[in-house]
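Data first, discussion second: the structure below is written as structure tokens.
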Amino acid sequence: MLTLASDIEVLARFGRALADPIRCRLLLALREAPAHPSDLADRLGISRTRLSNHLACLRDCGLVVAVPVGRRTRYELADARLGHALDDLRTAIVAVEADRTCADAEEKGCC
């Protein structure tokens, strides 16, 4: 049964999904068009097993859905507005100090 997630849960799920560069690339690829796993693996240059793990994470986060097409499965963003959100995030200006990384900030309890 599907349930609606709270605002905080939605943001946490989105953050978890974006925490991995491969998942970011995968979301951007699906932003352009739905695709089959074999095509996505080839496009991203990763193994199908690795891709499957990332797709499972994105499904668990509620960001992508699997759509049966005959004997194959196609993946797409769960909501078209996610594509707009990704565009907004990609073009947002992030103010960071040049000599700091997110890992440095994590040690101090932020980021």
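Here are the numbers for the structure shown:
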{"item": "Selection within the range 34-55 - within 17 Å of ARG72 (Cβ to Cβ) and without any contact (Cβ under 8 Å) to a residue 12 or more places away in the chain", "result": "SER38, ASP39, ALA41, ASP42, ARG48"}
{"item": "Helices (runs of 4 or more DSSP H) (entirely within the range 25-111) containing at least 1 residues that are modelled with pLDDT of 90 or more and within 24 Å of GLU9 (Cβ to Cβ)", "result": "48-60, 80-91"}
{"item": "Residue tally, condition surrounded by 13 or more Cβ atoms within 10 Å (Cβ to Cβ), under 18 Å from TYR75 (Cβ atoms) and free of Cβ contacts under 8 Å to residues at least 12 places away in the same chain, over the range 5-33", "result": "1"}
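The values are calculated or read from the model by the stated rules, or taken from the named source; none is laboratory data. These numbers were taken from a predicted model, which means no experiment stands behind them. Cβ sites come from the backbone with ideal geometry, for glycine too, and all protein chains shown count toward neighbours.
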